[in-house]
Amino acid sequence: MENRSNKIKLNKKPGFVSFILPNIIPNKVGVVNRSKSAHDSNLHLTSREANSDVAISKRPLSFNSNRGHMNGQLSSNTAQKLNRQSSLSDGNIAFEHDDSTEATDNNHLIEKFSSHESVFNLKGGANTLHLIPISKARQRNFLQGKIGANSLLGPCELDRVCPNREITIFVGTWNMNGHSPPKELNDFVLPVNLEHVPDVLSIGTQESSSERYEWEVGLQETIGPSHLLFHSTSLGTLHISTFIRRDLIWYVSVPEEASLSVRPGTAFRTKGAVACSFSVFGTSFLFVTAHLTAHQEKVKERVGDVKRIVHSLDLPRVLPCKNKSKDVTQNFDYVFWFGDLNFRLSTPRAKVLEWLSKTSFPLPSHLPHGYMHHDQLCSVLADGAAFRGFYEAKINFPPTYKYDPGTQNFDSSSKQRTPAYTDRILYKQRNARRLSGHLENPPLQCLVYDSAPSITTSDHKPVWGVFKAHLRPGLDTIPLAAGLFNREVYLEGLKRRAATMNKAKGDTANCVLQ
């Protein structure tokens, strides 16, 4: 019997937990336990360091600015402890932590952390919980109504969480044409030409699939455990969902939403806008996804839709706002307006097809873009008929409308629609100027603007962009979301992600009898 059992080889599939925290036992709050107690860790602090007024933070997901290199001379015993490493998320991304500190001229220890974007490039360091001295715990308080040393949204906390005071934002839009999405969404949500996952992802859909929950779970499964579904809302076939990094979730205000149907008389609402707003630290954001009036000749109707939406979305309602304007886009630091805006090319179909047949994409940045001077939205932006103050990055990808579903061929039906750039992302920044005339905040930058041509389930191609925005400290009067997120979607998305990974690895995990 023993010999027979030795002939059976079983390759067990790893469980769900192994993909979240492989080979490590999590503690009560889901953060990797230290191998020794906090008392043992305090043995490495001098009495002067322990009693210093400057907090020595060993906060998870914070990183040394020298990317894992030690500052100053360390004892061999300490260096060995700092070489410990623990892996989080799906096994592909390693989050590490460096306990080393640097002495200032006053012999105080200060924290030095690198940009959150460098987290994926680190190759060493230990992971320990943030040690909170009892004396500090007795003194610390939030919600003081001002920017102070102990403020949760103040400059000290902002510089610790995000030293460069910048975050990256992914904005995506897709007219789904009422069809279910493909099983593989990486080309849209996690395109290969991005080096890092952005900090905030806001994705708007038009003519959405009726299975909203399945769509949100699919997005969560694709993005992975590093981000949470912060908020989602819908109106008819319009839907918007926003994901935020886990380590930023505590510094975000309560989300607010608003919507408007520009066809209120219809039972099934397909045209209009859905908006979501919130602040990160002291910087406010507004995301609007819209589906405007269709057809080539209805430019005035589309302009009218935009004006109605701008003056009908009552935001913010809870977030503090000085001199609130009836124009909702004037009430936020950064505004992103994206969706199927339905503006067309005023060029005959034959000429557009001829140009496409002779052109390779992406277009070089130094060349003019084909027939964009005939684009209706470009004309609207130029003459200020709508979207005043908004900008759009240069388009270097093919038209995103209209395709035969399931193919890369433009409309071959009897309607013979002219290819056009109906799916767009516009952005706007509110700049408060100082007396010197310089902008208070650096300009909002569009880092990438592209489409996802490989996705063919709809007659539209998804469009996405990545932006870099500046953060400023906030007041504790800002109503905090206090870690709010969609727990049900998060857990279900991670379970499906683990099952998919198990299945991929289980192709060879069969029971073999010899």
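Points worth noting:
- From the largest down, the range 313-371 spans 53, 25, 14 angstrom on the principal axes of its Cα atoms.
- Residue 291 accessible area, assembled protein chains, probe 1.4 Å, Å²: 0 Å²
- Rg ratio (alpha-carbon, reference 2.2 N^0.38 Å) - the range 294-338: 1.40
- When all protein chains stay in place and ligands, DNA and RNA are ignored, the 1.4 Å accessible-area order of 388, 212, 344, largest first, is 388, 212, 344.
- Cα-based equivalent ellipsoid of the range 334-486: semi-axis lengths in Å, sorted from largest, via gyration tensor: 35, 20, 14
- Amide H contacts of residue 239: 205, each under 5 Å away and 5 or more positions distant or on a separate chain (H built 1.01 Å from N in the peptide plane; Pro and chain starts excluded).
- 10 Å binning of all Cα-Cα separations within the range 209-318, expressed as whole percents from 0 upward: 13, 38, 32, 15, 2
- Residue pairs exceeding 19 angstrom between C-alpha atoms, taken from 300/324; 183/461; 298/402; 461/503; 271/300: 300/324; 461/503.
- Cleavage-rule hits, GluC sites (Glu not before Pro), the range 178-209, DSSP coil, Cβ neighbours within 10 Å at most 15: 184, 195
- Short to long, the 10 Å bins of the Cα pair-distance histogram for the range 201-257 hold 22, 53, 24, 1 percent of all pairs.
- Projected area, mean over directions - the range 151-236, Cα convex hull, nm²: 7.1 nm²
- In the assembled protein chains, residue 168 presents an accessible area of approximately 10 Å² (probe radius 1.4 Å).
- For the range 161-275, a simple Cβ point-charge model (Lys and Arg +1, Asp and Glu -1, everything else neutral) yields a dipole of about 360 debye relative to the Cα centre.
- For the range 374-481, the solvent-accessible area works out to 43 Å² per residue, with a probe of 1.4 Å and every protein chain left in place.
- Sequence of 354, 492 when ordered by accessible area, the most exposed leading, probe 1.4 angstrom: 354, 492
The values are calculated or read from the model by the stated rules, or taken from the named source; none is laboratory data. Only a predicted model underlies this, so the values are computations on that prediction, with no experimental measurement involved. Note that each Cβ is placed from the backbone with ideal geometry, even for glycine, and that neighbours are counted across all protein chains shown. Areas reflect the complete protein model, heavy atoms only, side chains present, ligands, DNA and RNA absent. Shrake-Rupley method; radii C 1.70, N 1.55, O 1.52, S 1.80 Å.
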